[in-house]
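See structure below.
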Amino acid sequence: MTKHRLSGVLTAVKKVRGGVKVHHHKNTAETEVVRMPAPAKVTIPMQQHIGAPCEPVVKVGDTVAVGQLIGDTDKYVSAPIHASVSGTVTAIGDIKMPNGTLAKAVTIESDGEMRLWEGIEPPHVETREDLIKAVRASGLVGLGGAGFPTHVKLNFPADKNIDTLVVNAAECEPFITVDYRECMENSWDILAGVYLLKDLLGFKQVIIAVEDNKPEAFSVLKNIADHKIDRNDEVKLMVLESKYPQGAEKMMVQSATGRRVPPGKLPADVGCVVMNVASVAFIARYIKTGKPLVSRSLTVDGSAIKEPKNVRVPVGTSISEIIDFCGGFSTDPCKILTGGPMMGLAIVGTDLPVLKQNNAILAFAHDDAVLKPESDCIRCGRCATACPMSLMPTNIVRAAKTKDVSMLKAAGVTVCMECGSCAYACPAGKPLVQHMRLAKAILREEGNK
Amino acid sequence: MVNGKKLVVSASPHLRSTQTTTRIMLDVIISLIPALVAAIFIFGPRVICVAAVSISSAVLSEYVCRKVMKRHQTIGDLSAIVTGLILALNLPATIPYWIAAIGSIVAIVVVKQFFGGIGQNFANPAITARIVLLLSFGAQMGNWATPLSWKNEITTTATPLAVGYQAIESGTDVSLLDMFLGLRGGCLGETCALALILGGVYLIARKVISPAIPLTYIGTVALIMLIAGKGDLGFVAYQVMGGGLLLGAFFMATDYSTCPIKVRGKIIFGIGCGIITALIRLFASMTEGVSFAILIMNLLVPFIDRATIPKPFGTPKKEKKSKEAANA
């Protein structure tokens with residue numbers, strides 16, 4: 001552990017093995033989040049989370065208002081969907097999602113009024129059960145990018161002996177600054193959320209994690225951790241070395257508690273819950289206002305965007321309209337991503353809607369979109385050094401090529417979280433994450449036999 | 001499609017480091033320049049011609065090989081230049097040019113391309129070629145020019161390791177300072193310890209190589225020689241700077257294709273090289289053992305790699321026991 005001076009305070013900075021030093025590109029860090037005006041139309045997919053899709057509960061022709069329930073299901077692992085604008089439902093049909101699958105979506109023509117639904121009222125939350133019910137009703141999914149329904153994560157069985165909440169404000173993906181903006185603009189919500197979750201869910205400690213490249217966020221979060229309502233000093237701030245992928249769940253748990261999540265297990269199996277800082281703040285806001293998750297903040301950046309910005313947009317707004325709001329393209333885009341450049345998804349067009357879990361839209365001009373050409377592996381081992389999960393990407397690639405199932409199992413491919421550190425580090429420009437996915441697919445196929 | 005133009009869709013990550021194979025090879029070439037320049041001062045302008053022949057025949061062999069095998073051309077990655085240059089540094093300054101050319105052809109064609117090209121060879125091309133030349137052209141390969149004799153008429157001498165430590169101690173042969181500066185008989189690139197250490201430090205600072213192999217290799221030799229020399233530090237310095245130890249430890253044992261991937265493996269590899277080198281120097285009929293030590297350890301790399309595969313993150317420690325129980 002080394003010490004750095006952050007905002008004048010000498011602070012211990014946690015390091016982890018593996019990972020890569022990536023240029024931060026936090027160009028929009030000092031741009032306040034601006035609210036985008038109501039779009040003329042939103043298309044809201046019924047699947048914006050990991051788990052079962054929702055079924056529409058409205059019909060074509062219905063009038064809906066902001067926050068009104070439009071999709072729900074009885075399945076446990078799922079999150080309800082709400083209208084993000086007020087207006088009329090004009091279509092319900094399948095649309096193509098960013099990952100290429102089809103999903104049912106509800107299209108709402110906006111009346112431009114952004115009228116709140118009259119049924120919205122702050123939930124009554126006094127117990128743990130109340131909280132989990134409220135979080136489910138809010139439609140919250142992990143805002144960091146994975147989109148796992150939060151109520152499922154929080155509803156851990158009492159015998160699991162969960163004692164630690166890790167609040168993730170690391171934001172280790174380059175370009176993205178929305179979590180940083182959340183810290184700077186909504187620190188009261190973070191504070192309220194942290195203490196609410198701690199008291200209702202009985203965490204013994206809350207650890208807020210931030211990278212050392214955000215000194216202002218450090219000061220803000222330090223105030224939260226040192227707040228006078230924290231009498232027993234159960235809320236702590238942890239500063240991490242700025243290194244990708246510090247924000248990955250397993251890395252967070254290890255840095256915060258020293259515990260290692262075993263392969264195939266979840267943080268809950270070692271007594272931890274990891275939540276994105278924006279999700280924590282959202283819960284506090286929802287308890288206060290009762291307004292479900294109908295809009296979210298996004299970083300819009302990249303070399304092909306004219307005016308990079310942080311924007312708050314209704315869920316379901318089309319990506320092209322958001323880019324137009326940011327001044328349009330400065331040059332012909334060659335690659336457009338939803339999410340960060342390390343784990344984000346390259347999309348085929350801009351007519352797709354923004355989902356709850358999207359945290360960035362990045363558009364790159366030709367020079368930044370074309371990757372270095374692939375050449376032969378020179379066995380330098382940079383991939384193995386970069387892998388935070390201690391895997392050997394070189395061996396896995398070889399085993400995947402020969403479809404050597406026993407070798408793939410021994411190599412622990414399923415532990416790979418596809419963070420992309422190996423491919424970033426590779427001097428031969430190998431698309432290693434693609435190989436990892438192929439290797440996983442081979443194992444899945446073998447399992448189905 | 002945006003504005004009628006298709007978008008690029010590829011698997012993440014969408015950022016890549018600026019490091020490339022060519023850049024790595026360029027760094028290795030840069031790191032060898034001090035040794036080459038020192039060799040030109042010590043052994044004369046003929047060094048330039050030896051290096052030119054060796055490098056150009058290496059590059060030409062690679063070019064022809066890839067053409068004949070109908071594979072994509074790889075001379076652009078500069079690895080053939082590195083092989084040719086390292087081989088040149090492993091030859092005496094008096095070597096006939098045609099022997100240098102044969103060495104390069106063996107290194108590139110037989111050792112490297114027959115096994116699939118860069119990254120696929122199991123033995124270091126330059127070392128294997130040097131051993132082939134040593135066995136085929138023993139006389140020419142042992143014809144060591146006297147340092148600085150090129151200014152008048154080239155005469156030949158013996159290497160310090162062949163002369164023995166007593167001659168240095170008694171002052172009848174080169175001094176330890178001469179050895180440090182490279183003023184001794186030997187392969188043209190192996191004599192100047194100063195230049196080799198400079199290059200090695202550059203490679204480590206540029207993160208092209210890990211310090212694990214040079215440190216463990218040189219450290220092991222030093223430790224054994226300390227015991228063998230009964231604590232005489234001068235003898236240790238003589239052994240470390242003598243022969244091709246520094247050249248081998250910094251530039252040849254660290255070859256990516258032929259050394260273990262993980263640091264634990266590199267440590268085993270370095271210690272193994274050190275023990276074999278010391279054994280050959282102390283007990284075998286040869287005066288020098290770096291090439292053979294590295295070649296022997298090259299062959300063990302797949303086993304070392306297999307033995308040092310790390311456990312995936314979070315693997316419980318007891319699993320090892322249950323596996324052993326299952327095997328038993």
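The values are calculated or read from the model by the stated rules, or taken from the named source; none is laboratory data. Keep in mind the model is a prediction, meaning the values are calculated, not measured. Glycine gets a Cβ as well: all are built from the backbone with ideal geometry, and neighbour counts include every protein chain shown.
What is the residue count in the range A:253-268 for residues that are touching a residue at least 40 places away in the same chain (Cβ under 8 Å), out of contact with any Pro (no Cβ under 7 Å at 6 or more places or on another chain) and either among the aromatic types (Phe, Trp, Tyr) or over 20 Å from A:GLY147 (Cβ atoms) (or both)? Let's see the steps before the verdict.
Within the range A:253-268, the subset touching a residue at least 40 places away in the same chain (Cβ under 8 Å) is A:253-257, A:263-264, A:267-268.
Then keep just the ones that are out of contact with any Pro (no Cβ under 7 Å at 6 or more places or on another chain); that gives A:254-257, A:264, A:267-268.
Next, from what is left, pick out any that are either among the aromatic types (Phe, Trp, Tyr) or over 20 Å from A:GLY147 (Cβ atoms) (or both): A:254-257, A:264.
Number satisfying all stated conditions: 5.
Condition first: within 8 Å of chain B (Cβ to nearest Cβ) and either part of a helix (DSSP H, G or I) or at pLDDT 95 or above (or both). Now tell me which residues in the range A:392-409 satisfy that.
Taking the range A:392-409 first, the residues within 8 Å of chain B (Cβ to nearest Cβ) are A:392, A:394-395.
Within the range A:392-409, A:THR394, A:ASN395 qualify.
Table: residues versus (1) in contact (Cβ under 8 Å) with a residue 12 or more places away in the chain; (2) under 30 Å from B:VAL82 (Cα atoms).
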residue	(1), (2)
A:CYS380	yes, yes
A:VAL397	yes, yes
A:SER406	no, no
A:ALA410	no, no
A:VAL415	yes, no
A:ALA423	yes, yes
A:CYS426	yes, yes
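Here is a list: A:ALA38, A:ALA52. Which entry is small (Gly, Ala, Ser) and surrounded by 17 or more Cβ atoms within 10 Å (Cβ to Cβ)?
Numbers: A:ALA52 fails: surrounded by 17 or more Cβ atoms within 10 Å (Cβ to Cβ).
When all the criteria are applied, what remains is A:ALA38.
Taking the stated definitions as given, is A:GLU374 assigned to a helix (DSSP H, G or I), surrounded by fewer than 17 Cβ atoms within 10 Å (Cβ to Cβ) and either within 11 Å of chain B (Cβ to nearest Cβ) or of a type outside the set (A, V, I, L, M, F, W, C) (or both)?
It is false that A:GLU374 is assigned to a helix (DSSP H, G or I), surrounded by fewer than 17 Cβ atoms within 10 Å (Cβ to Cβ) and either within 11 Å of chain B (Cβ to nearest Cβ) or of a type outside the set (A, V, I, L, M, F, W, C) (or both).
Can you tell me which residue in the range A:225-260 is nearest to A:THR385 (Cα to Cα), limited to those that are assigned to a strand (DSSP E or B) and more than 14 Å from chain B (Cβ to nearest Cβ)? Reasoning before the result, please.
Here is the first cut: in the range A:225-260, the ones assigned to a strand (DSSP E or B) are A:235-240, A:244.
After this cut, where a residue has to be more than 14 Å from chain B (Cβ to nearest Cβ) as well, the list is A:235-240.
Working: A:VAL235: 33, A:LYS236: 30, A:LEU237: 28, A:MET238: 25, A:VAL239: 23, A:LEU240: 19 Å.
Checking each candidate, the answer is A:LEU240.
For A:CYS383, all conditions in the list (1) facing chain B (nearest Cβ under 8 Å); (2) closer than 21 Å to B:PRO302 by Cβ; (3) surrounded by 24 or more Cβ atoms within 10 Å (Cβ to Cβ) hold save one; what is the number of the exception?
Of (1) facing chain B (nearest Cβ under 8 Å); (2) closer than 21 Å to B:PRO302 by Cβ; (3) surrounded by 24 or more Cβ atoms within 10 Å (Cβ to Cβ), only one is false for A:CYS383: (1).
Inside the range B:184-222, can you point out the residues that are out of contact with any Leu (no Cβ under 7 Å at 6 or more places or on another chain), part of a loop (DSSP other than H, G, I, E, B) and not small (Gly, Ala, Ser)?
Once the filter is applied, which keeps residues that are out of contact with any Leu (no Cβ under 7 Å at 6 or more places or on another chain), part of a loop (DSSP other than H, G, I, E, B) and not small (Gly, Ala, Ser), the range B:184-222 yields B:ARG184, B:THR191, B:ARG206, B:LYS207, B:VAL208, B:PRO211.
Output the number of the condition that B:SER57 fails; it satisfies all remaining conditions of (1) within 13 Å of chain A (Cβ to nearest Cβ); (2) buried (at least 17 other Cβ atoms within 10 Å of the Cβ); (3) among the small types (Gly, Ala, Ser).
Going through (1) within 13 Å of chain A (Cβ to nearest Cβ); (2) buried (at least 17 other Cβ atoms within 10 Å of the Cβ); (3) among the small types (Gly, Ala, Ser) one by one, B:SER57 breaks only (1).
With more than 14 Å from chain A (Cβ to nearest Cβ) and either within 16 Å of B:SER57 (Cβ to Cβ) or under 18 Å from the mean Cα position of the chain (by Cα) (or both) as the only criterion, which of B:THR94, B:THR128 stands out?
Going through B:THR94, B:THR128 in turn, just one is more than 14 Å from chain A (Cβ to nearest Cβ) and either within 16 Å of B:SER57 (Cβ to Cβ) or under 18 Å from the mean Cα position of the chain (by Cα) (or both): B:THR128.
Given A:VAL16, A:VAL20, which one is in contact (Cβ under 8 Å) with a residue 40 or more places away in the chain, assigned by TED's automatic domain parsing to the domain that holds A:LYS133 and touching a Phe, Trp or Tyr at 6+ places or on another chain (Cβ under 6 Å)?
The unique qualifying residue is A:VAL20.
Could we say that B:ILE40 is more than 8 Å from chain A (Cβ to nearest Cβ), of a type in the set (Val, Ile, Thr), without any contact (Cβ under 8 Å) to a residue 12 or more places away in the chain and out of contact with any Cys (no Cβ under 7 Å at 6 or more places or on another chain) here?
Answer is yes for this residue.
Quick check, is A:ILE70 within 21 Å of the chain's Cα centre (by Cα) and surrounded by 15 or more Cβ atoms within 10 Å (Cβ to Cβ)?
Details: within 21 Å of the chain's Cα centre (by Cα): no; surrounded by 15 or more Cβ atoms within 10 Å (Cβ to Cβ): yes.
For A:ILE70, the condition - within 21 Å of the chain's Cα centre (by Cα) and surrounded by 15 or more Cβ atoms within 10 Å (Cβ to Cβ) - is not met.
Among B:GLY138, B:GLY234, B:GLY186, which is the only one that is crowded, with 18+ Cβ neighbours inside 10 Å and either of a type outside the set (A, V, I, L, M, F, W, C) or over 30 Å from B:ILE102 (Cβ atoms) (or both)?
The conditions single out B:GLY186.
Could you check B:GLY231 against (1) farther than 26 Å from B:LEU194 by Cβ; (2) part of a loop (DSSP other than H, G, I, E, B); (3) not aliphatic (A, V, I, L, M) and say which number it fails?
Single failed check for B:GLY231: (1).
May I ask you to list the residues in the range A:410-449 that are touching a Ser or Thr at 6+ places or on another chain (Cβ under 8 Å), more than 26 Å from A:GLY247 (Cβ to Cβ) and not in a helix (DSSP H, G or I)?
Within the range A:410-449, just A:ALA428 meets the criteria.
Identify the residue in the range B:67-80 that is surrounded by 12 or more Cβ atoms within 10 Å (Cβ to Cβ) and either within 11 Å of chain A (Cβ to nearest Cβ) or among the β-branched types (Val, Ile, Thr) (or both) and, among all such residues, is nearest to B:ALA126 (Cα to Cα).
Among those that are surrounded by 12 or more Cβ atoms within 10 Å (Cβ to Cβ) and either within 11 Å of chain A (Cβ to nearest Cβ) or among the β-branched types (Val, Ile, Thr) (or both), it is B:SER79.
How many residues, within the range B:5-21, are more than 7 Å from chain A (Cβ to nearest Cβ) and buried (at least 20 other Cβ atoms within 10 Å of the Cβ)? Break it down stepwise before answering.
Kept after step one, since they are more than 7 Å from chain A (Cβ to nearest Cβ), are these residues of the range B:5-21: B:6, B:18.
Next, from what is left, pick out any that are buried (at least 20 other Cβ atoms within 10 Å of the Cβ): none.
Total satisfying the criteria: 0.
Determine which single condition A:CYS172 fails, assuming it passes every other condition in (1) buried (at least 17 other Cβ atoms within 10 Å of the Cβ); (2) under 17 Å from A:PRO267 (Cα atoms).
Tallying (1) buried (at least 17 other Cβ atoms within 10 Å of the Cβ); (2) under 17 Å from A:PRO267 (Cα atoms), A:CYS172 fails exactly one: (2).
Take the residues in the range A:417-434 that are surrounded by fewer than 23 Cβ atoms within 10 Å (Cβ to Cβ) and more than 8 Å from chain B (Cβ to nearest Cβ); name whichever of them is nearest to the chain's Cα centre (by Cα).
A:MET417
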